[in-house]
Amino acid sequence: MRIGDVRRILLGTFIRPAEETGTGQPRVEAVYGYIVDHPRGVLLLDTGLGAGDAETEDWYRPRRIELADALGAAGMRLPDIDVVVNCHLHFDHCGGNPRLAGTPVVCQRNELATARRGGYTMEHLIDYPGSTYDLLDGEAELWPGIHVIPTPGHVEGHQSVVVECDDGSLVLAGQSHDAASHWSADALVVQATRLGHDAPLPAAPAWMERLLAFDPRRVVFAHDAAVWEPLA
Ligand SMILES: [Zn+2]
């Protein structure tokens, strides 16, 4: 498998209101999923926007692309998916999970517990007929070369996926960072530390070191079309 074989699918868009962007302008955000066609099976990271309540719909004005249609654009069908990984369980990441009833969903144990406590996500996307979970407590190698790495920050139970390909590692960061430029800033903090810069330095999450240890050739995100690549 090569990095370019991992497919991105567009699952919809929503409009982040000006109140949340800090720029005075609303911002269009994409919702992406990623398909990894591995010798052991087909992995799907994130499944799109679920139906929200009226308040959420009015606030974010989402437009959805049905998971089956998004997969179809990549030459895949719902039954082709062997395992779902959700970077976290907010409604814009696990919305299509009920379409894949019976397919195991991989998430952190603390993330599912938080989601079930209420007030966190849309509960009908968490416990639905046929829902089944493979719960992780921290880092795991799901299949050879497929690593799930906890990347808390956006939420405590957030996780990212590293895919070791023949031509280098690909990080499916999810929403570890909202934008590729935010990842870039944190990667530079790690580099500055290695180069011996003294404090004060901006703080980067501790797990950046873990992800960068895979020497990623490309990093992709849940809500940003931009990708990060190191200078070769
Ligand atoms: Zn999100």
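Things to note:
- Some residue of segment 54-73 being outside any helix (DSSP H, G or I), within 16 Å of the ligand (Cβ to nearest atom) and crowded, with 24+ Cβ neighbours inside 10 Å: no
Condition check ((1) away from the ligand (no atom under 16 Å from the Cβ); (2) surrounded by 18 or more Cβ atoms within 10 Å (Cβ to Cβ); (3) modelled with pLDDT of 95 or more; (4) at positive phi) across all residues:
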position	(1), (2), (3), (4)
Ser169	yes, yes, yes, no
Gly174	no, yes, yes, yes
His177	no, yes, yes, no
Gln191	yes, no, no, no
Leu201	yes, no, no, no
Trp207	yes, yes, yes, no
Asp224	no, yes, yes, no
Glu229	yes, no, yes, no
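- Residue in segment 134-153 that is of a type in the set (Val, Ile, Thr) and more than 19 Å from the chain's Cα centre (by Cα) present: no
- Enumeration of residues in segment 78-131 that are under 23 Å from Ile146 (Cβ atoms), in a helix (DSSP H, G or I) and away from the ligand (no atom under 14 Å from the Cβ): Leu78, Pro79, Asp80, Asn97, Arg99, Leu100, Arg109, Asn110, Leu112
- Lone qualifier among Asp134, Asp127 - being exposed (fewer than 13 other Cβ atoms within 10 Å of the Cβ) and not basic (Lys, Arg): Asp127
- Test: residue in segment 193-209 that is of a type in the set (A, V, I, L, M) and touching a residue at least 24 places away in the same chain (Cβ under 8 Å): no
- In segment 1-49, of all residues being loosely packed, with under 15 Cβ neighbours inside 10 Å and within 19 Å of Arg217 (Cβ to Cβ), the one that is nearest to the ligand (Cβ to nearest atom) corresponds to Gly4.
- Against the criterion of being within 16 Å of the ligand (Cβ to nearest atom) and in contact with a strand residue (DSSP E or B) (Cβ under 9 Å, 6 or more places away or on another chain), Glu141 does not qualify.
- Residue list for segment 91-134, restricted to those being free of Cβ contacts under 8 Å to residues at least 24 places away in the same chain and touching an Asp or Glu at 6+ places or on another chain (Cβ under 8 Å): Arg116
The values are calculated or read from the model by the stated rules, or taken from the named source; none is laboratory data. None of these values were measured; they are calculated from a predicted model. No Cβ is skipped: glycine too gets one built from the backbone with ideal geometry, and neighbour counts run over all protein chains shown.
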